[in-house]
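The structure appears right after this line, and notes come after that.
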Amino acid sequence: MTNAGNTLTGSRKNALYIGASGEIFTKTAKALTLLYDLNREDVRASHRPPVNPDLVLIEAVGVDAHDAVELIPAVRDSVGNCPVFLIIDRRDGDILFAAAKHGVQGFIEMPGDLANILSIIHKEEQRGKGVFSGQIVSFFSLKGGVGTTTVAVNVAEQLAIHTGGSAILLDINMPLGDSALYINPGGREYYSINDFILNINRLDDDLMGNAIACHSSGLRYLGLPANLEELESITDVNIKMVLTVLRRYYNYVIIDCPSDLNPVTLACLDDSASIMLVAEPSLSSMRAVRVAFDTCRQLGYPAQRLKLILNRAIPQGDEIINELLEALQIPVDANIENNYLTFVSALHKGCLLQEFAPKSQANQQMKDIAALLLPDGLEEGKAVLSSSSKKKSAWLSFLFNKRSASPIEAGT
Ligand SMILES: Nc1ncnc2c1ncn2[C@@H]1O[C@H](COP(=O)(O)OP(=O)(O)OP(=O)(O)O)[C@@H](O)[C@H]1O
Ligand SMILES: [Mg+2]
C-alpha cells in the first residue's frame with residue numbers, strides 16, 4: 001500500500017477506492033496517477049480505510065450500485081471530512097439523489113468522465129467541502145390566479161439584488177409556467193430544468209454561468225422545457241436532485257409552485273426552509289389557506305416555516321377576511337397592495353417591478369418580503385390582523401370546519 005509519506009515528491013495524495021471491480025480500479029488509478037496514489041479496499045472484505053485518505057471513490061456500478069450507496073454514511077463516518085465521490089455507470093435518479101443526500105461531493109460517470117477525473121475533483125474541491133447551504137423558498141397557493149408567480153419573481157429579484165446574484169428562480173408550473181413572461185430570458189437557448197437534469201453530472205462553474213439564463217438583476221432562472229415530452233423527466237426524485245445541486249451554487253433557490261400538491265410540489269415543499277403561502281382577500285383563497293396550513297401540519301412541517309402573504313390587499317383591510325384569519329389564528333406576514341395598473345403594465349413590458357416601478361409601494365412590499373427571508377432582515381411577529389371581533393361569521397362556518405380554528409403546532 002502506497003501513501004503520501006513514501007512518494008518521491010511528498011506532494012502526492014492518498015486516495016481510497018472502495019469497490020470490487022479490478023478493471024475500474026485500474027483505469028481509475030491510471031487516470032488519477034498525476035496527483036494521487038490509489039489504494040483499493042474491497043468492502044465485502046473487512047472494511048477499514050487506510051490512514052487519513054485525501055479522497056474516497058466508491059464504485060456504484062451494475063447491480064451492486066444501490067448497495068454501494070448504502071455504504072456512504074459508514075464510509076463518511078470513518079474518513080471524516082475527506083471528499084467522497086461516487087463512480088457510476090448510469091444516471092439513475094434514485095442513486096444520484098440518495099448519494100447527494102448522504103453528502104457525496106460529486107459523481108464520476110464511467111467511462112466518459114475518467115479522462116477528466118482530476119479536473120472534476122478539483123472543481124468540486126474548489127467549490128467547498130459538501131456545502132449544501134442555500135435556502136429553498138417555495139411560493140405556493142392551493143388556489144390559482146392569486147398572484148403566486150408575480151410575488152415569486154419579484155421577491156426572487158430582490159433576493160438576487162441583495163445577494164449579488166446568488167439567487168435562482170425555478171418554475172415547476174407544468175406544463176407551461178408563466179414566470180418566463182416576467183424573466184424574459186429570450187435571446188438564445190438557455191437550459192431548462194430538463195436540460196439541467198440531463199447534464200447534472202457535467203455541471204461546472206463555467207456551465208452554470210453560461211447555460212443558465214440570467215435576468216438583468218442577476219437573478220438566475222431555470223424554466224420548463226418548451227417541448228412537452230421533456231416534462232416527463234421532471235419527477236419528484238429528479239427535482240430533489242436539482243435542488244440539492246442548486247443549493248450548492250446559490251444562497252437562495254426560489255420555486256414558483258403550481259396550485260396542487262403533486263409529488264413534485266411536495267418534494268419542493270419538503271426541502272423548503274420557507275413556504276410562502278400566497279393568498280388574496282377572498283373566501284375561496286382563505287379556504288385554500290386553511291387547507292394548506294392543515295396539510296403542512298399533517299406533513300409535520302414546523303409552523304415557522306410557513307409565511308402568509310396577502311396579495312391584492314386593500315388598505316383598510318377586509319373585515320370578514322380579518323375575522324377569518326383571526327379565527328384560524330394565522331398571522332399575515334406581509335401584504336401587497338392591489339394595483340392592477342402597475343402589475344399588468346409591468347407584465348406587458350416584460351419587466352419586474354424593480355425596473356418598471358422601483359419607487360412603487362408594491363416594489364417596496366416585495367423588498368419587505370425578501371427581508372423576511374434574509375438572515376439580517378428577519379422581522380418576527382409582523383402580524384397585521386385586525387383586533388376586532390374574534391367571532392367568525394356563523395354563515396361561513398361551512399367553509400371552515402371546527403378543527404381549522406386550532407393553531408398549527410411546531411412540527412419536528
Ligand atoms: N397585487 C396585485 N395587484 C393587481 N394585480 C395583480 C397583483 N398581483 C398579481 N396581479 C395580476 O394578477 C394576474 C395573475 O397573477 P399571477 O400569474 O402571478 O397569478 P398565479 O397565482 O401565479 O396564477 P396561476 O395559478 O395561473 O399560476 C396577473 O395579471 C398579475 O399581473
Ligand atoms: Mg403562476
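The values are calculated or read from the model by the stated rules, or taken from the named source; none is laboratory data. Remember, it's a predicted structure, so these values are computed and weren't measured experimentally. For neighbour counting, all protein chains shown are included, and Cβ atoms are generated from backbone atoms with ideal geometry for every residue, glycine included.
Residues of the stretch 231-269 that are touching a residue at least 40 places away in the same chain (Cβ under 8 Å), within 16 Å of ligand 1 (Cβ to nearest atom) and among the polar types (S, T, N, Q): SER259, THR265.
Checking ALA115, ALA98, ALA152, ALA160 one by one, the residue that is within 16 Å of ligand 2 (Cβ to nearest atom) and aliphatic (A, V, I, L, M) is ALA152 and no other. Scan the helices (runs of 4 or more DSSP H) fully inside the stretch 142-220 and keep the ones with 1 or more residues being β-branched (Val, Ile, Thr), in contact with a strand residue (DSSP E or B) (Cβ under 8 Å, 6 or more places away or on another chain) and under 15 Å from CYS351 (Cα atoms). By residue number, 148-162, 179-183.
Looking at the structure I just gave you, is ILE330 surrounded by 15 or more Cβ atoms within 10 Å (Cβ to Cβ), under 21 Å from LEU372 (Cβ atoms), within 16 Å of ligand 2 (Cβ to nearest atom) and assigned by TED's automatic domain parsing to the domain that holds THR148? I'd like the intermediate steps shown before the answer.
Numbers: surrounded by 15 or more Cβ atoms within 10 Å (Cβ to Cβ): yes; under 21 Å from LEU372 (Cβ atoms): yes; within 16 Å of ligand 2 (Cβ to nearest atom): no; assigned by TED's automatic domain parsing to the domain that holds THR148: yes.
Here the answer is no, as ILE330 does not meet what is asked.
Would you check if ARG297 is farther than 23 Å from GLU337 by Cα, of a type in the set (Lys, Arg) and surrounded by fewer than 21 Cβ atoms within 10 Å (Cβ to Cβ)? Outline the logic, then answer.
On the way: farther than 23 Å from GLU337 by Cα: yes; of a type in the set (Lys, Arg): yes; surrounded by fewer than 21 Cβ atoms within 10 Å (Cβ to Cβ): yes.
For ARG297, the condition - farther than 23 Å from GLU337 by Cα, of a type in the set (Lys, Arg) and surrounded by fewer than 21 Cβ atoms within 10 Å (Cβ to Cβ) - is met.
If the condition is being part of a loop (DSSP other than H, G, I, E, B) and either in contact with a His (Cβ under 8 Å, 6 or more places away or on another chain) or among the aromatic types (Phe, Trp, Tyr) (or both), then the stretch 221-253 contributes only TYR250. As a summary of the residue check, CYS296 satisfies the conditions (1) within 20 Å of THR149 (Cα to Cα); (2) in a helix (DSSP H, G or I); (3) in contact with a strand residue (DSSP E or B) (Cβ under 8 Å, 6 or more places away or on another chain) except for the one numbered (1). For the stretch 241-254, the count of residues that are in contact with a Gly (Cβ under 7 Å, 6 or more places away or on another chain) and within 16 Å of ligand 2 (Cβ to nearest atom) is zero. Per the listing ASN311, ASN335, the residue uniquely in contact with a Gly (Cβ under 6 Å, 6 or more places away or on another chain) and modelled with pLDDT of 95 or more is ASN311.
Within the stretch 6-19, residues that are surrounded by 15 or more Cβ atoms within 10 Å (Cβ to Cβ) sit with their Cβ atoms under 9 Å from residues that are aliphatic (A, V, I, L, M) and modelled with pLDDT under 50, at 6+ positions apart or across chains, in these pairs: ARG12/ALA4; LYS13/ALA4; ASN14/ALA4.
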